[in-house]
1. Which numbered condition in (1) part of a helix (DSSP H, G or I); (2) charged (D, E, K, R); (3) at pLDDT 95 or above; (4) away from the ligand (no atom under 16 Å from the Cβ) is the only one that Lys172 fails?
2. Within the group Lys166, Lys187, Lys131, Lys127, which residue is closer than 30 Å to Leu389 by Cα and of a type in the set (Lys, Arg)?
3. Check Thr108, Thr142 and return the single one that is surrounded by fewer than 18 Cβ atoms within 10 Å (Cβ to Cβ), among the β-branched types (Val, Ile, Thr) and touching a helix residue (DSSP H, G or I) at 6+ places or on another chain (Cβ under 9 Å).
4. Check Arg359 against each of (1) without any contact (Cβ under 8 Å) to a residue 24 or more places away in the chain; (2) under 20 Å from the mean Cα position of the chain (by Cα) and name the one condition it does not meet.
5. Mind telling me which of the residues Ile137, Ile91 ends up being within 22 Å of Tyr307 (Cα to Cα), within 16 Å of the ligand (Cβ to nearest atom) and assigned by TED's automatic domain parsing to the domain that holds Val247?
6. When you check Ala274 against the structure, is it near the ligand (Cβ under 10 Å from one of its atoms) and buried (at least 23 other Cβ atoms within 10 Å of the Cβ), yes or no?
7. Of all residues in the stretch 419-429, count the ones that are within 26 Å of Lys187 (Cα to Cα), of a type in the set (S, T, N, Q) and surrounded by fewer than 19 Cβ atoms within 10 Å (Cβ to Cβ).
8. Is there any pair linking a residue in the stretch 116-135 that is without any contact (Cβ under 8 Å) to a residue 24 or more places away in the chain to one that is charged (D, E, K, R) and in a helix (DSSP H, G or I), with Cβ under 9 Å and at least six apart or on different chains, and which?
Amino acid sequence: MTNHRKSPVEISQDEFKAIGYQLVDTLAHFMTTIEEKPVTTGETPKQIQQLLGNDKLPEEGISAEAIITRSSDLLLNHSLFNGHPKFFGYITSSPTPIGALADFLAATVNPNVGANILSPMATAIEKQTVKWLTEFIGAAPTCGGLLVSGGNMANFTAFLAARTAKAPKNLKEEGLTDSQMVFYCSKATHTWIEKAAVLFGHGTNAIRWIATDADNKMNTDVLRQTIATDLQNGQKPFLVIGNAGDVSTGVVDDLVTLAAICKDHDLWFHIDGAYGVPAAVLPECKSMFKGIEEADSIALDPHKWLYAPLEAGCTLVKNPQHLIDTYSSHPVYYNFGNHEDEPSTNFYEFGFQNSRGFRALKVWMALQQVGKNGYVEMIAQDIALSELLFALAQAHPELEAVSQNLSITTLRYVPQSEASENYLNQLNQTLLNQLQEGGEVFLSNAVVTDKYCLRACIVNFRTSEKDIQEVVEIIVREGRKVHQSLQGK
Ligand SMILES: *Cc1c(COP(=O)(O)O)cnc(C)c1O
């Protein structure tokens, strides 16, 4: 250290240890006492802003210790904790503790995983992570891919690869001269597809929203008919997207039939498994995910059901050359050549990013800490807890259990007196807001066959049966209160 240039950002070894150990102590305590805190404080943006205070850009620096202490205080006392055992909102998991340590290590070494030469070990670890994820979910063993920031990016990355593979060869030079390219997905598909349609110049009219059956799966007869009609009308279908765990209720489409339809028409078959596809590791779920090995590409989100801290998504492509065909270029200012004996992997050629952080490390570490069997156990428990919630709702006279797939349960509060559908929707929407602000439990919502429901998605390794029982009591207790106040009593 003594020969280092003196810079205001450097921290001496002793100080780094002192504040680092202190932070580790604070975080260890936080993790072991998290259930004693509210899930969220319910503070308004204005209150939060006030806590943050003075928003002048600092002119002069202050000590790192003071900053660490204040930042810990702000974040540990005024955040929503998705690591809390009663957090079931949206699809955000409790974060693996080893992931926190992984990010610390990754940030310290700071490999740029855009090019092999800049990140020799990190690139090898990311390649191994991609291989392990492929094996984990049972995708085609030829799959390659990369880590991205999340499900949206994972789906976008695959979308463009699909287009390059299926479009006329001049698309890369001439752009979208052919505006007839269309693609297919069920009405339950996540909003990323609309962003993709806009971003990549197709427009949202190019999305063919295929109706779902009563079970919320894509209706494959309607899909066939729609493709046939489009072909008759001179459109150019190129892609079908299947859901493996739709974002709202967790339904897995009939992947085998979708794969067959794609084969018949030479279409790219993409699976959006951002949430659900890790459940394919469970022997009892294997049949539900049959067809996954046929997919040309798959999006999955380690920051959902593999419990990686945000952010970690992953794109897998059966023939990874399609990624390189889409994203690779070789500017003169890059000297990222191959080794003579072995071509090197430069991840900048696989996706959107150029400089890339080391997201893979936290996923790679957790896969080793837990092992495949550990994940089988945790994912199965999440599903069992979701089923328990459904069963308790079914058994309760003031609750209606609406749906249960994978680890997502939807339900609603239904007072014992006569109530219209309109009123029930209003009641449950108010109830959800109340619960979210209350901080005892965090749920989100779903609209299932026009019913406004409370929705619990359990991707949380801290949740126990007792939490589920308590959540049922909380919902009923608060439901009664909201009903009474809406009645003006
Ligand atoms: C969560 C989710 C996405 C979006 O993923 P992000 O990580 O939030 O970008 C896309 N599709 C499905 C099915 C999802 O569950």
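The values are calculated or read from the model by the stated rules, or taken from the named source; none is laboratory data. None of these values were measured; they are calculated from a predicted model. Don't worry about glycine lacking a Cβ; one is built from the backbone with ideal geometry, like all the others, and counts go over all protein chains shown.
1. Checking Lys172 against (1) part of a helix (DSSP H, G or I); (2) charged (D, E, K, R); (3) at pLDDT 95 or above; (4) away from the ligand (no atom under 16 Å from the Cβ), the one that fails is (3).
2. Selected residue: Lys187, the only one of Lys166, Lys187, Lys131, Lys127 that is closer than 30 Å to Leu389 by Cα and of a type in the set (Lys, Arg).
3. Every option except Thr142 fails the conditions.
4. (1)
5. Selected residue: Ile137, the only one of Ile137, Ile91 that is within 22 Å of Tyr307 (Cα to Cα), within 16 Å of the ligand (Cβ to nearest atom) and assigned by TED's automatic domain parsing to the domain that holds Val247.
6. Details: near the ligand (Cβ under 10 Å from one of its atoms): yes; buried (at least 23 other Cβ atoms within 10 Å of the Cβ): yes.
Judged against the criteria, Ala274 is a match.
7. Residues meeting the conditions: 4.
8. Here the result reads Glu135/Lys372, each pair linking the stretch 116-135 to a residue that is charged (D, E, K, R) and in a helix (DSSP H, G or I).
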